[in-house]
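The values are calculated or read from the model by the stated rules, or taken from the named source; none is laboratory data. Treat the numbers as computed from the prediction; the structure is a model and nothing was measured. Because the Cβ atoms are built from the backbone with ideal geometry, glycine has one as well, and the counts that use them run over all protein chains shown.
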Amino acid sequence: MTTGCAIRRSRYGADPTPAGWAVHRVYRPDVGEGGLAVTIKQVQCLLTYLGYDPGGIDGLDGQKTRQAIRDFQTAENLGVDGVAGEQTAIRLKDAVWQDRFAKDNIVPSSGQPPDLPDWWSKYKWFAPSEFRCPCGKCGGGIEKMHEGIVAEANALREYLGVPIVIVPPDGHSGGSGYRCQSYNDSLAGSVKNSRHVQGKAVDIITRGVPDEKVEARLAQRKAAGKIRYWYRISPGAHHMDIE
Ligand SMILES: [Zn+2]
Ligand SMILES: [Zn+2]
């Protein structure tokens, strides 16, 4: 019974507020913690997504929901009371944003998305979370991305006029932004000192545009000194990095 549960991600993290639900202010770093309120339905939606079992998404604060909240609080080293107060709600969104599922090893979390520099807002085609490391254990490392490579990805998206996928919510596109060292080393054929680990590379997935068009553009950017190196990983998939 998951009808009515949709998770939307924005640059501020996961937002479990589909149309038709009561309007609540969402947590935003620029508003502060007072800006957060979640409904039982939203909490059930997030818990279900994360692999906990609140017994359905019915908006009722029942025993199973309280137990699922307790399970989540235990896993996240929060105070365990079975009530989704502000800290728990913030952590729920953080867990969804960073793919910290019930079955995975839990790592200590800051409890909120990292503070990101203002330059991210200049690049409208991507949310910072699309550049995260998808391992689910390192916290994503978005703050390690360099502006130069984000700017190049954004400019390429603008130029091509078709969506570019880096790391989607489910984390399984084949694209890549930041990689922590252990995730990088776990990938077949990766090099130890990969620029992904430095936050200076992206692997992009393009659909609906010929590779030749992508590559002509990449060659142009390389000639202009904007990107250091690029190559075709497979049809529709390219790596590019900066100095
Ligand atoms: Zn990682
Ligand atoms: Zn790459």
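Can you tell me how many residues within region 144-153 are assigned to a helix (DSSP H, G or I) and either surrounded by fewer than 17 Cβ atoms within 10 Å (Cβ to Cβ) or among the aliphatic types (A, V, I, L, M) (or both)?
6
So, of the residues in region 173-199 that are away from ligand 1 (no atom under 16 Å from the Cβ) and not small (Gly, Ala, Ser), which turns out to be farthest from Glu143 (Cα to Cα)?
So the residue we want is Val191.
Taking into account only those residues within region 68-125 that are under 18 Å from Lys137 (Cα atoms), of a type in the set (Lys, Arg) and part of a helix (DSSP H, G or I), which is modelled with the highest pLDDT?
Only one residue tops the list, namely Arg91.
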